[in-house]
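Here is the structure we will look at, set down as structure tokens.
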Amino acid sequence: FFQYLIQTWRVDPFYRHGWLAVSCSLILYLKFLYEVRVFRGIRKTLTISPLFFILLILAAMLFIGGAYTSLPMAGGISFVLWMIGLHFFAFGDREWKTYSFPFLYFLTVVPLPYLGEISGLLQILVSVLAQKFFYFFGYPIAREGIALSFPHATFQIAADCAGLKSWLVLFSVALFFIYFLKIR
């Protein structure tokens, strides 16, 4: 899973921001660990919550399902549930909101399944809308797939024009800033 994830961050333009998001997650998690060590400490009595077992069983099922179907999103969710389950065990449920965000934020850089196909459909939609826009204003235009043809020029709608790349990055940045706003 991690090898696939790192390779995706290197190659896939949708997830080039992966290194930055993981760095932010790690910094927030280390900040949490520092605050727990300095101010609160790890809980003294270890009572195992049933939620701990539920999270670990769910994580194992997702991991096996992700390996069987080759869907990296299942592996990412499995990793996050496993980490949250371990922290339920170590810190109890009183710190749930504090330490869950860095792990859940990690999911913003786990590749979504079928993103390339969705991007292709959005490219076709953008080309149809562009054709209708130019046709409305009286420009002679022809469309074939994602190619738009004027009398003296031809254009193709690129994957970046579909908006998914910018949406994924903006969603990741917005979540990070919402966390610091402490909105209830």
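I'd like the accessible area for Lys182, computed on protein heavy atoms only with a 1.4 Å probe and all protein chains in place. Round to 10 Å², please.
Roughly 120 Å² of Lys182 is accessible to a 1.4 Å probe.
Using just the helices of the chain, give the 222 nm mean residue ellipticity in deg cm²/dmol: DSSP H runs with n ≥ 4 each add -39,500 (n - 2.57), and the total is spread over all residues, rounded to 500.
Result for the chain: -21500 deg cm²/dmol, rounded to the nearest 500.
Whole-Hz Karplus ³J(HN,Hα) for region 144-157, in order, using 6.51 cos²θ - 1.76 cosθ + 1.60 and θ = phi - 60°, x for Gly and Pro?
9, x, 9, 9, 10, 10, 9, x, 10, 7, 10, 10, 10, 7
Rounded to the nearest 10 Å², what accessible area does Val128 have for a 1.4 Å probe in the complete protein model?
Accessible area, nearest 10 Å²: 40 Å².
With +1 on each Lys and Arg Cβ and -1 on each Asp and Glu Cβ, how big is the dipole of the chain about its Cα centre, in debye rounded to the nearest 20?
Computed charge dipole of the chain: roughly 720 debye.
So how much accessible area does Val11 have, in Å² to the nearest 10, using a 1.4 Å probe?
My reading of the accessible area for Val11 is about 90 Å².
Consider the candidate values [x] 9, 26, 27, 18, 11, 6, 3, 0; [y] 10, 39, 39, 11, 0; [z] 9, 30, 30, 19, 10, 3, 0; state which one is P(r) over Cα pairs in 10 Å bins from 0, in percent computed from the structure displayed.
[x]
For Leu26 and Leu129, FRET efficiency with R0 = 41 Å and r from the beta-carbon atoms, rounded to 0.05?
0.50
Give the residue from Gln156, Phe180, Thr69 lying farthest towards the positive end of the charge dipole for region 56-184; charges sit on Cβ (+1 for Lys and Arg, -1 for Asp and Glu) and the dipole is referred to the Cα centre.
With unit charges placed on the Cβ atoms, the residue in question is Phe180.
Calculate the FRET efficiency for Thr154 and Ser70 from the Cβ-Cβ distance with a Förster distance of 45 Å, rounded to the nearest 0.05.
Result of the calculation: an efficiency of 0.75.
The values are calculated or read from the model by the stated rules, or taken from the named source; none is laboratory data. None of these values were measured; they are calculated from a predicted model. Neighbour counts are summed over all protein chains in view; Cβ atoms, including those assigned to glycine, are modelled from backbone coordinates with ideal geometry. Heads up: the accessible areas ignore ligands, DNA and RNA and are worked out on the full protein's heavy atoms, side chains in. Shrake-Rupley method; radii C 1.70, N 1.55, O 1.52, S 1.80 Å.
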